[in-house]
Structure formats: structure tokens, C-alpha cells
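Some notes on the structure that comes next.
The values are calculated or read from the model by the stated rules, or taken from the named source; none is laboratory data. Everything quoted here is computed from the prediction, not taken from an experiment. A quick note on method: Cβ atoms are made from the backbone with ideal geometry, for glycine too, and the neighbour counts reach across all protein chains shown.
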4 protein chains.
Amino acid sequence: MSVSPIRVTVWGENVHEQRDESVKKIYPDGMHTAIAAGITANLGDRVVVRTATLQEPEHGLTEEVLAETDVLTWWGHAAHDQVSDEVVDRVHAQVLSGMGLIVLHSGHFSKIFKKLMGTTCSLDWRSANDRELVWTVAPNHPIARGVPNPIIIPQQEMYGEFFDIPAPDELIFISSFSGGEVFRSGCVYRRGRGRVFYFSPGDQEYPVYHHPDVLRVISNAVEWAAPTSTERTLPHVSRRPTGWFETGETLSAEDPRLA
Amino acid sequence: MSVSPIRVTVWGENVHEQRDESVKKIYPDGMHTAIAAGITANLGDRVVVRTATLQEPEHGLTEEVLAETDVLTWWGHAAHDQVSDEVVDRVHAQVLSGMGLIVLHSGHFSKIFKKLMGTTCSLDWRSANDRELVWTVAPNHPIARGVPNPIIIPQQEMYGEFFDIPAPDELIFISSFSGGEVFRSGCVYRRGRGRVFYFSPGDQEYPVYHHPDVLRVISNAVEWAAPTSTERTLPHVSRRPTGWFETGETLSAEDPRLA
Amino acid sequence: MSVSPIRVTVWGENVHEQRDESVKKIYPDGMHTAIAAGITANLGDRVVVRTATLQEPEHGLTEEVLAETDVLTWWGHAAHDQVSDEVVDRVHAQVLSGMGLIVLHSGHFSKIFKKLMGTTCSLDWRSANDRELVWTVAPNHPIARGVPNPIIIPQQEMYGEFFDIPAPDELIFISSFSGGEVFRSGCVYRRGRGRVFYFSPGDQEYPVYHHPDVLRVISNAVEWAAPTSTERTLPHVSRRPTGWFETGETLSAEDPRLA
Amino acid sequence: MSVSPIRVTVWGENVHEQRDESVKKIYPDGMHTAIAAGITANLGDRVVVRTATLQEPEHGLTEEVLAETDVLTWWGHAAHDQVSDEVVDRVHAQVLSGMGLIVLHSGHFSKIFKKLMGTTCSLDWRSANDRELVWTVAPNHPIARGVPNPIIIPQQEMYGEFFDIPAPDELIFISSFSGGEVFRSGCVYRRGRGRVFYFSPGDQEYPVYHHPDVLRVISNAVEWAAPTSTERTLPHVSRRPTGWFETGETLSAEDPRLA
């Protein structure tokens, strides 16, 4: 119910866009810029959007930036290993403290997604111009608001099952590909005080982040993942004396009841 | 851990098989007989299997039969409305009391499945010789044991999303069809003290219940759905005095603490 | 994102309040009036709230009223059987079509809740002035926004496990009672296009619906359960020709492809 | 259906038992020995049980030992940091490949549990002789077979919510404590090809691992967590040519379709 806009940081690895001509043609300013523009176009003054990339100091994800970020989106592929563990731990702590996280496409293999999932996050794949159909299986979920069923993506990389993830807390989308494979392509997770959405459409070789329905889903997810509280606290261990909740008192470390 | 075999009752509507030549050719003794034979072939002396059909008195599902049934399988299509409400209520009570239930294909629209789900159980469909691929998304589930990924069903009726069911407690299989549709084709539910498995492959016009992988899944599901207890009690309201669990006492209705 | 207020109908059985002096003292204008006032106090101009009771024609839940209701809350206890099946079916269809439903306390045994759950919805109980503590186990859920952990309800009826419900899609609250029992007291379900929240605190003999934290939870749930779409359509069967989604065409019933 | 016994390895940190007189009295041969004896007593020739401890080379968890382990149980508390990362990674890979894992009590803070969960796994606690009641909320689950509802543990450390874990795939037990706190004390997770069960009762200062119902739950969990397949393969990325599933062919890395 906050009247403040949602503060979004769109993170891009920004490697393919610098080095591959095929990708530069589709995304001359980088995929992160296209994603940021789509969110702004959809949500208007309900958001303020900035971008950050791997190449910036601390990958553009300093403590200050993260503290001022309500929802972070993540696209990476060629350089997962170049993301510093320190930044990954920092993002992890922020998610568990309440920041929303949207992981896109090949981000399934990012350090941060694997750390949050606890599994290998492996999958089957093929890059052969498959058509992807994205079917909604949770039509009442806010992330599916206003998107056609199915979303039709004319050309896409195939991602197929078995996708080694925890069963999602909510499964929103299932994709099929021309070759017959299926994929759980829209997955909701709650972790700590934060919310995570994985959305698989999107590949550097296809203009998926110019697709209005894909940008609509990402924008919906931004609104859904925004924190419900302004408090940003990492869950932590508390030692509690009997009846602590009746008095509301705070114990000092020297409290004899804790001896 | 019981050494007793699982008592299975395979219920068949047995209408198409009596009236449609195309179906008689595929299932001269009825689909229920083919399903029963498949379960017996897979599980051997771990099961004793009988069949029951709509046309029998009380549809073959008397209180006595159900009391001696560990797992009931259900196929119906053309005559859902002819199943008496009394028998449906009886099956419902047995499932909530611990009996396993496996609902097959067009059984999604049976009275018993709709009553257990609480939703319309509607879906999209087409009968046009689609190829169905059944993909495993829970490879560690006992129902998926020993089946290839994907199961290939050369010709099948298409069932597509949106399938109006509660989100399954566990999603085991997702199907794709030649036409591009997807379907949550293997769904686990726990209801009361019982377990329910919905499995969509199977149609009277295609020889799906002669497919060894389909029969393997149904057989796995029989083992999975068998009760973990010999007790068969419907969950019910109990009025409890303070500390009842420490004494193990049983209260009479006249107990003053219940006044 | 709609700027329109959420249209809430608070339904009350209104039997205890008419007949029991003890209840009249606590709720001179009925529990429904107290609940409605609490929602209005919390949500202000984000809602418009009306009430309806069992005694009105069609229990105050005509097709017109329901069509104009975004979220319905339900309290019943002594007269579940007097609610007409026609009205129950009507509410059921509206929920599956997108209307939010909040079921309170003894509403666990209402026809509408049992129909949506598919189980007996039975539980253990005791009316002996237990203190109830309502613990949040999903702190990032909007329904838990702004409530203390635990909520302390000084005197309450005890509701205890085993509560025969489907495992909730999300478990928000777990209660404990002085006597040691526990209860899944805040349960989220998605059914069809609608959302359902069950919240157990509240009993006619205790002033629970004057408790600010209880009213805060109900108000949060109203916001959460409001439809994400203005469309109100019951999920239904559709027969689909191959490739239907590419053309967007609508088939007439005479279409030869459907023959 | 294997007739081979389940191979169980009971891992114990074995620090308190060596250093604290109070613990030695309760567990003169270590908690791991008590747990192993309980499993053997309950399951007889359906299991072969060995133990391993922190102090052994590679903590007793060599590749060879893990390859021959169907289910691993884990108790640790004072020395989580002394468990080598290499062994943790090894256990993690085995779980995702199919090995069952049962994490006990203070093992919630072990490296392996945190790595599998992806969250802080923090909680509230108090050591003040609370009575713990363990309530079954999934009476049809094999892990709850044959245990009273509630299990009464006369003296226990309190573990309370908020417990920062992913919502369990299945919630089996909820505990209450004399002080009024609640805890999700029996939680099922599926990760990769493996199954994980967390069970919170058990503390070095109380004789909980001599409690027959606690040992019954752990034994039930051993049977439930045993792999359904003898294959032990870590999920991994596969590049798939179109139609791979129809031919069953294996592609060499030089296959032109993969170019």
C-alpha cells in the first residue's frame, strides 16, 4: 500500500552484448537496458529502475545499491564464475531479508540462484529455433495477469526437463517447445523474508526481451516480489526466556535467565 | 511392511466397450480388464486384483467390497451421471478414511474426483491423433520408478491447460502434445487419511492401456497409494478436556468437563 | 492496480447473536457488524463493505450481490444446514470464477468450505478459556503484514489437530493453546480463479472480533484475496482444433474440425 | 521392492559426549550409538546400520562409505565449522544423486542442511525443561506410521518459530512447548533425486534418543528416505538434438547437430 515507487535494479552480465555481433544487433544497448525499458513502459511511475552490470566495481551491487533496491532482476550466462562470492553472499542476505529477486533464463546457473535453491539447477537444452509456448497453469496469480494463454515465442532456445530445482512453492507457467519438450518456466519461491521468481524465456540470440508478453510477465513479477515491509532484517537466532512475548522485554546478554 | 498383498479394485464404467465397435476392437474384455491384467502382470503376488463395473448392483462397490479394497482405480467417461450419489459418498468416505484412489483420464470429470478436488476439473481437449509425451518432473518419486523419460504415446486424445484442479501436493508428470499443448498429467493429492493419484493418459479410442509404461505407472501408483495403516477411520470431531493426552482416558458424553 | 475500492460482503449467520445473551453482550449488533467495522477501520477508502445474513432472502447472497462482491467473508456455526444448497452452489461458482473468500472460525464446517476442500474439515475442540497464541510462519506473506508474532488472544475456544483439510497451498499461521494443542490457523488455498483464506481465531463467546490484530489479519486477507482481474468466468471445457492459439479464431459448434 | 536391506550410516558429531559429563551420563556410547541401536531395534533385518563420527578420517564419510549408504542421519551442534567443506560437498552431491538424508535437532545449523535449504535455518530457542508435544498433521504419511498423537517428550529444549526454512514439501509434525511456542518439527523435502527429512526433537542434555516414539519416527524416516532406484547419478546438463527421445541415440560431443 506504499505510495513510494518500487525501486528496481536490473542486473546484466553484459558479456555477449559486448563480444557477439549477433547479440549486439538485437540488443545494441544490452539486454539489461531492454529489460529496464520494458519494466518502465509497463509500470510507469510505480517504479524507478536502474541498471547494473558485471563490469562495474562490485558489479554495481554495493551494499548501498542493494539497500535501496526493492527488487533485483538477474541475467547471466557466460560469466557466472566471474561474479564474486562476496557479492553473491550480499545478494543472498538481502533476499532472505526481504528484497525481491527475479532470475531470468540462463540465470538458472548463476551462483545466487544455485545458492538459494540448494540443487544443481541443471536442465536439458538445445539451440535450434524451437517455438516456445508458455502456458499459464495458475490463472489467478498476479504474475499471470494480463498475459495471453499461451504466450507464443516464435524462436527460442529449448530448455527441457528434468530441471533440478526444488518443487516451486507455486508453479505459474509451463512451456512446451516444437521438439516436444516441456519445462517449468515460471516458478515462485519464498525464501527467508524475500520472494524469488524464476522465468525461463529469454536468450541472447533471440529477441525475447523485446516480446511484449515476456516484458509484461517480468513487470508483473516486479510488483509481486516487492517487499511487504520496509524492514530489512536477516532472520537470526534469538534466545527467548519463558513468557518473553507477554512482556515484550528485551534481554541483555547478561540476563540471568539466559545463564 | 505388511506381508499381505494389496487388495485392488479396478472400476470401469464399461459403456464404450459395450456399445462402440472401435472400442470393442481395442478392449474386447473392457478397459478395466486390461488395466487389471497390467497391474497383476507388474506386481504379481504383491496384489490381488478384482474388477467392478457400473452395471453391477451398487456398481459393484458395496460397503463390503470397499472395506476390503486397499486401492481403487476409476475410469469413467460417458456415464458419470449414472453413478449414484450414495456410492460416490461411500467411496469419498473410504478415501478420507485411508483407501487409495487412482483416477484415470476422463475420470477427471467423475463425481468422486470433483467432490475430492472441490473445483470444476475442466480442461481443454481435442481428439486428433496427437502424440503425447509424458515427462517426469519428480524423478525421485516412487510413482515414476522405472519409466522412461519421456513416455511416448504415439496416438492420444489431447488434454490441455488450463486444468482446473487444486495445485497438486506433488506434480509427477507433465505431458506435451503434438499440437503444442501441455497438461499436468500426473498429480498427487493427500486427502484425509487417503492418497489420490490422477493420471491422464488413456482414452477409449486409443490402445493406451496396453502401453507397458502406462501400466507401469498405474502399478507404481497402486503400491504408493496403499494405506500405511490397517485402521480405516473417517476423520471426525472430538471434544477434548484439558490434558486429555496425558491420561489417555476416554470421556463419556456425560463427563462434567464437557458440560 | 485498480483504483476502484475492493467490494467486500461480510456474511454472518447471525443466530447466536439473536438468541444467546452472552453473545449479545459482546456483539450487540452481530459479529458481522464488528467484522465489517474492523475492515473499514483498517482499509478506509480502499474498500466498500456491506453485510448480509442468513435471515435475509437468499441469505442476502443473490446473484446480483455476488456479482458485485470482490471478497466475501463467512462466519457460521449453529445453522450450517439452513444455508440453501442453491446459494452454496452460487458462492462456489463465484469463488472458482475469481471472487475471494475468507472463512472464519467455525465456518470450517460450513457447506461452502467443505465443498471447496473436499474433506471432512473436522478437528478437535474444547471451550475452556484457553489462551491462544497465533504464530507467523510465513513472515513475508501479505496476510501477515504488520501483525505481532505471536498474536496473543487471552481467551479462546481451543481448535486442535488433526484438522482434516488439504495441505494448504501456503501455511501462514500456526496457533498453540494453553492446553498444549496446536492448529494450522491461517491457511491459503487457490481454487479455480479464486483465492480462499481460512483463519480460525474467533468464537461467539469470546470478544475475538474486537481484537485489533485479528481484524488486521482479516483486513490483510481482504486485500490479498481481491481478484487480479475484472473478468469473472467459471473455468469450463473447451474443444480446441490443432493450432487454435495461432489464429485466435473462435470455433462455432458446427465447425467441421470439431466433428 | 528390493529385498536388499537399507544401508544406513548414522553420523554423530560426538563432541558433547566426549567432553560434557551431563551428556556422557545419558549417552555413554554417544548419541549416534543410541540412534543406531534404535533404528536396528525397529527395523531389524530390513536395515544394516553403521556409525561414523567427526573425529574419524574424512569424518568417516569417504566416497566409498557414501556410495554404500542409502540413508544418512546427521546430528551436529558444537562443531559444525569443523566439518570440512569437501565432505559437505560430497554429501550434498550424494543427496542430489539419490541418497536419503535425515537431519536431527541442532543439525538445522549444519553446513549440509543450510546448503540444501538455501536459507539461514535460524530459529528461536530456550533450554529450560519445556515439555514438547509433537502433533501429527499428516496422518497418512509413512513417517507418522504407528506414533501416538501427540508424542509427549517430558523435557526438551525449546525450538520456536520463525524457523527460516523453505516451506516444506510436506509438513508432517508441528510441536508445541510448555512456554507456548510452536515449531515445524517434522519437514519433508525432495532435492534432486534424493529425499530429506528434518526432525527437531533431540538434544544432548535430555534423553530424547532413548524415547521410543522418537526412535520410531527416525526409523520410519529411514524407510521413507531410502532411494527408489539403485542408480546414483547427479542431475546434469544434457544437450539434446531435436527428436533425441525417439531414437534413443547417444550423441558424441562432435555430433554436427550440436555444432
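General observations
- Every condition in (1) out of contact with any Leu (no Cβ under 6 Å at 6 or more places or on another chain); (2) buried (at least 21 other Cβ atoms within 10 Å of the Cβ); (3) within 23 Å of residue D:184 (Cα to Cα) holds for residue C:69 except the one numbered (3).
- Among the residues of the stretch D:80-90, the ones that are out of contact with any Phe, Trp or Tyr (no Cβ under 8 Å at 6 or more places or on another chain) and surrounded by 15 or more Cβ atoms within 10 Å (Cβ to Cβ) come to 4 in all.
- Taking the criterion of being of a type in the set (D, E, K, R) and over 18 Å from the mean Cα position of the chain (by Cα), the residues of the stretch C:3-20 that qualify are C:17, C:19, C:20.
- Here residue D:203 meets the list (1) under 12 Å from the mean Cα position of the chain (by Cα); (2) in contact (Cβ under 8 Å) with a residue 60 or more places away in the chain almost entirely, failing just condition (1).
- Complete set of residues in the stretch B:28-48 that are over 19 Å from residue B:213 (Cβ atoms), not in a helix (DSSP H, G or I) and not small (Gly, Ala, Ser): B:28, B:29, B:48
- Applying the criterion of being touching a residue at least 40 places away in the same chain (Cβ under 8 Å) and in a helix (DSSP H, G or I) to the residues of the stretch A:1-27, the residue that is farthest from the other protein chains (Cβ to nearest Cβ) is A:17.
- One residue from B:162, B:173, B:113, B:109 being at pLDDT 95 or above and either in contact with an Asp or Glu (Cβ under 9 Å, 6 or more places away or on another chain) or among the small types (Gly, Ala, Ser) (or both): B:162
- Per-region count, the stretch B:195-222, residues at pLDDT 95 or above and of a type in the set (Asp, Glu): 1
- Members of the stretch A:127-152 found to be surrounded by fewer than 22 Cβ atoms within 10 Å (Cβ to Cβ), in contact with a Pro (Cβ under 8 Å, 6 or more places away or on another chain) and either of a type in the set (D, E, K, R) or within 14 Å of chain D (Cβ to nearest Cβ) (or both), listed by number: A:128, A:131
- Taking the stretch B:55-141 as the region of interest, the helices (runs of 4 or more DSSP H) fully inside it that hold 2 or more residues being in contact (Cβ under 8 Å) with a residue 60 or more places away in the chain are B:85-97, B:111-117.
- Residue identified as buried (at least 24 other Cβ atoms within 10 Å of the Cβ) and touching a Leu at 6+ places or on another chain (Cβ under 7 Å) among D:182, D:222: D:222
- Residues in the stretch C:1-48 that are β-branched (Val, Ile, Thr) and crowded, with 22+ Cβ neighbours inside 10 Å: C:8, C:9, C:10, C:35, C:39.
- Scope the stretch C:153-162; condition buried (at least 22 other Cβ atoms within 10 Å of the Cβ) and in contact with a helix residue (DSSP H, G or I) (Cβ under 9 Å, 6 or more places away or on another chain); matching residues: C:153, C:156, C:157, C:159
- Taking the listed residues C:45, C:70, the one that is under 24 Å from residue C:200 (Cα atoms) and not β-branched (Val, Ile, Thr) is C:70, with no other qualifying.
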